[in-house]
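See below for the structure under consideration.
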């Protein structure tokens, strides 16, 4: 694992057509912490995740990875980002193992046991050689989590990673996320499941209508805090 | 004051255009072989040049846009394509009218004609893309790549058709222009060039204004907190 | 360099494996090629001498249409679950991504044309000497290469536009017209139906096109894929 | 627009039959050419002018709204 990575959004706005999805957001994501990114629908959560992943560019403001602005990141720096988006980013005709092996090759992952151990970790060892197209949403979600964790990212962006997971799957996913943070990754988590989020988040960023409402350490009851900021 | 100057300029341009028509229809002698239809060339040939010029601007703007995503470069590219296409269609429509009355056929697969036709087709595709493809950033990028790919294509088409057909005998205008004809041609060229510049500035301004409107709307939505 | 190559091979192998497993694109292109062959054969079949004249034209029409179908489909698999985003986000060199995609598309088109080209010849009652067949194949290979070096990057771009499936051929066909002219005329010379100098000069022209557009695409690709 | 283009195309297609003699055709094609030129140029100018007018109105409207909003704050 390389040096810890602090990611900072400085006055970031993003426009789609004529609508601001995100307005002047400042935020900092620090190594070893799980930040819950909360907000009602249309608050700009996924847009912020897209910006942090570098797949989107800010219309105003800059995102810094350490000291480097996002648009000047090189390939090696991109390799430090792990991203789970709304779609699974998998290849349907390939098996679970082949999917992971392929992404491993892209990331220059040399360790052959890594894929097998990750598959076991997410509980897919029995389905490792079945095409991903046949997977239930929950299984695909486990696989996509494994895909994001495969290169041991220093910034882990999880946009609704718990979608379709059963209770056991949620517990497993939370455990893996916590583990990644313990190993030093900065984790950003977006989820509708507030109670699950509350169990692992130690920091919170609340957005409403594209603006930042609150950022800071979780103190007391996260759920109550959220309702106070958003509904109050 | 500024408005008056603008109007005076427009009046001058109108007078110049009138003069150009007078030259074409009254002043110049009739070409003995092709007859009156040769008079198409006083506007046809400058139109071909202006079509090229419009697309060159699109190419330059597209390179600029791909490089640093500057909205100004994109507006330049779009305005260039719009105007280039107007003159392109003029060339493509008046050319066959001349050809039918001179060669007896509407069209020949000759290097100059073929490359012009493909150039117009490529930038017509660019226009369709920009008009109907949706106004997203991805479409602007797509358009820019298309324009960048399209420009050098013309060299290839030209070489290919030249190899295929052999060089067409003589220039299209014909050598040894009568001095009156030459004078009329260059005056028409100059007048149309000015018309091009005027139309280009107007078009560019319209596109920039539309962007400014978008920016204002965004600022408004931002002030209102969406 | 070896890392570059291994990424290149990984993407190419992945694409081929995806294609061979689902067989969607290949099946569609091949079937489309057969339908096109039948239509061209009804529309064009005539006396043997005329058939020999129209053969290159028919062949290149088939190349363009099946090719357009193919490159449009290539990115459907990437777009289905947004895997292309993961590809762009990965440290994989952009040039390796593009080259792997180009080669994948080329192989797909060549597989289809290897069936379609002889089929059209049979339907038009044509016989070729070995040398003629070789020249046809060489022309076809280089033209297909020209088609994919132009079409592949544009197909990536087209995913962001509306009406992409109509726009893509609209945009690609005029751009590859030099390849079309050069291929048709070059094969005509090779088959002795078109007057002209040696068929190799046409091959040079296609090759120049392939090199210019291949290099241009590689130069621009990293600017194309990211916002 | 498309209809008139098709009509023009149809007229030109049959024009060899109609063309009494070459000289007449030359005159006709010359007039049609300059007609096309002016049709295209004026259509383009008009479209640009209309867009410019609409933009000017919209800009004024938005600026007024903006001033209003800023005054109220």
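Since every read-out is calculated from the coordinates, none of them should be taken as a lab result. Predicted, not measured: the structure shown is a model, and the values here were computed from it. Here Cβ is always computed from backbone atoms with ideal geometry, including for glycine, and neighbour counts include all displayed protein chains.
Of the Cα atoms belonging to segment A:123-170, the radius of gyration and Dmax stand at 11.1, 31 Å.
Angle, helix C:24-44 long axis vs. longest principal axis of chain C, Cα atoms, 0 to 90°, nearest 10? Orientation of helix C:24-44: about 20 degrees from the principal axis. Normalised by residue number, the volume inside the convex hull of the Cα atoms of chain C is 125 Å³ per residue. Residues B:82, A:202, arranged from fewest to most other Cβ atoms within 10 angstrom of their Cβ, appear as A:202, B:82.
Stokes-Einstein, applied to the Kirkwood radius of the protein assembly as shown over Cα pairs at a viscosity of 0.890 mPa s and 25 °C, places its translational diffusion at 83 µm² s⁻¹.
Structure remark: mean-square fluctuation, Gaussian network model of chain B, C-alpha springs under 10 Å; the largest value among B:160, B:47, B:184 belongs to B:160. Applying the Kirkwood pairwise sum to the alpha-carbon positions of segment C:91-133 produces a hydrodynamic radius of 12.7 angstrom. So, how do all the Cα-to-Cα distances of segment C:17-86 break down into 10 Å bins, in percent, from 0 on up? Reading upward from the zero bin: 19, 38, 23, 14, 5, 1.
Ordered by the count of other Cβ atoms within 10 Å of each Cβ, fewest first, B:98, C:4 give C:4, B:98. Residues considered: C:144, C:80, C:164. Largest GNM mean-square fluctuation over chain C, using C-alpha springs under 10 Å, is found at C:80.
For every helix of n ≥ 4 consecutive DSSP H residues, a contribution of -39,500 (n - 2.57) applies; sum these over the protein assembly as shown, divide by its total residues, and give [θ] at 222 nm rounded to the nearest 500 deg cm²/dmol.
On the way: 25 runs with 519 residues, N = 758.
Here the helix-only value at 222 nm equals -23500 deg cm²/dmol.
By the count of neighbouring beta-carbon atoms within 10 Å, fewest first, C:16, A:156 end up ordered C:16, A:156.
Rounded to a whole number of µm²/s, how large is the Stokes-Einstein D of segment B:120-160 at 20 °C and 1.002 mPa s, given Rh as the Kirkwood radius over C-alpha pairs? D, rounded to a whole number, is 200 µm²/s. Largest GNM mean-square fluctuation among C:115, C:191, C:99, using chain C with Cα springs under 10 Å: C:115. In the frame of its principal axes, segment C:92-227 has Cα extents of 51, 28, 26 Å, reported largest first. What is the distance in Å between the Cα centroid of segment A:145-187 and that of segment C:173-227? If we compute the Cα centre of each part, the gap is 49 Å.
When the square roots of the Cα gyration tensor eigenvalues are ordered a ≥ b ≥ c, the ratio a/c for chain B is 1.5 or more and a/b does not exceed b/c, which makes its shape oblate.
Shown here are the Rg and Dmax of the Cα trace of segment A:106-232, at 16.3, 52 Å.
Once you sort the root eigenvalues of the Cα gyration tensor of chain A as a ≥ b ≥ c, which label holds: rounded (a/c under 1.5), prolate (a/b larger than b/c) or oblate (the other case)? Verdict is prolate for chain A. Which angle between 0 and 90 degrees, to the nearest 10, do you get for helix B:41-68 versus the longest principal axis of chain B when only C-alpha atoms count? Computed tilt is about 30 degrees.
Is the shape of segment B:26-85 rounded, prolate or oblate, going by the alpha carbon gyration tensor and its root eigenvalues a ≥ b ≥ c, with a/c under 1.5 for rounded and a/b larger than b/c for prolate? Provide the component values of the computation, followed by the final result.
Details: a/c = 5.97, a/b = 4.60, b/c = 1.30.
Taking the square roots of the gyration eigenvalues as a ≥ b ≥ c, segment B:26-85 is prolate.
Here, P(r) means the percent of Cα pairs in each 10 Å bin from 0 to the largest distance; for segment B:1-103 it is 15, 27, 31, 20, 7, 1.
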